[in-house]
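These notes concern the structure reproduced below.
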Amino acid sequence: MKTAEIKPAPGHGTLCPKCGAGQLVTRMVSKGEKAGMVFLGCNNWRPNDPNSCGNTIWPTTASSAKDDASKGRACPKCGVGSMKERLVKKGEKAGTTFFSCSNWRPNDETSCGHAEWPKLPAPEYKPRAPRPRW
Ligand SMILES: [Zn+2]
Ligand SMILES: [Zn+2]
């Protein structure tokens with residue numbers, strides 16, 4: 001039986017940086033919206049085994065290169081830091097990515113706290129009817 005040929009992605013065959021035991025092998029997404037995309041997965045990974053190594057590395061593609069362009073922007077507030085992509089880890093916005101200044105440090109009020117939320121829906125603008133004053 002001939003399996004579909006997958007071109008080895010850059011990094012194929014290298015030691016897994018996560019578990020240090022497995023090797024990174026080229027895999028292809030078989031279904032879903034990323035079907036046909038190639039990534040590196042640890043060969044120490046076993047389906048339905050939470051103890052196996054689930055390390056996956058997505059090689060840089062043309063589309064993510066476009067994202068990098070926006071990541072390297074200088075911070076418009078302090079001009080020193082650069083805007084970095086961050087992920088909200090908890091709270092009601094968990095899973096949302098946003099950009100914040102690399103000059104930001106937690107619990108430091110003198111650091112730059114500039115943040116940009118790329119995909120927030122614009123707040124609905126409700127004009128207030130001026131009340132006539134009699
Ligand atoms: Zn691994
Ligand atoms: Zn800044």
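A few comments on the model shown:
- In the range 27-48, the residues that are in the same structural domain as PRO17 (by TED's automatic domain parsing) and among the basic types (Lys, Arg) reach residues that are within 13 Å of ligand 1 (Cβ to nearest atom) and not in a loop (DSSP other than H, G, I, E, B) with C-beta atoms within less than 9 angstrom, at least six apart or across chains, in these pairs: ARG27/LEU40; ARG27/GLY41; ARG27/THR56.
- Test set (1) in a loop (DSSP other than H, G, I, E, B); (2) near ligand 2 (Cβ under 9 Å from one of its atoms); (3) at pLDDT 90 or above - SER100 fails condition number: (1)
- Filtered by the rule that a residue be closer than 22 Å to GLY72 by Cα and surrounded by fewer than 13 Cβ atoms within 10 Å (Cβ to Cβ), the range 98-109 gives ARG105, PRO106.
The values are calculated or read from the model by the stated rules, or taken from the named source; none is laboratory data. Computed from a predicted model, the values in this text were never measured in an experiment. Cβ sites come from the backbone with ideal geometry, for glycine too, and all protein chains shown count toward neighbours.
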